[in-house]
């Protein structure tokens with residue numbers, strides 16, 4: 001069963017926020033209120049997994065070819 005993170009929604013600007021975790025089924029609805037205090041809460045989306053392409057290191061700090069651009073070099077800004 002996954003563990004979800006929640007945080008309380010402050011009732012005043014810059015008010016304190018309490019984070020907590022709840023083990024829930026993926027079929028359960030997200031909580032709307034803290035199970036103990038009844039304060040409004042929201043689910044926190046965090047984490048994730050990002051894989052980056054590993055580029056070989058340049059021996060002297062200067063590569064023979066420049067690193068690839070985010071667009072692959074085929075846009076108007078990188079002819």
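The values are calculated or read from the model by the stated rules, or taken from the named source; none is laboratory data. As the structure is a computational prediction, the values presented were derived from the model and not from experiment. Every residue, glycine among them, receives a Cβ derived from its backbone with ideal geometry; neighbour counts consider all protein chains shown.
General observations
- Residue list for the range 1-13, filter: in a loop (DSSP other than H, G, I, E, B), in contact with a strand residue (DSSP E or B) (Cβ under 6 Å, 6 or more places away or on another chain) and more than 15 Å from residue 40 (Cβ to Cβ): 1
- The residue list 66, 16, 70 contains one member that is modelled with pLDDT under 70, exposed (fewer than 10 other Cβ atoms within 10 Å of the Cβ), under 25 Å from the mean Cα position of the chain (by Cα) and in a loop (DSSP other than H, G, I, E, B), which is 70.
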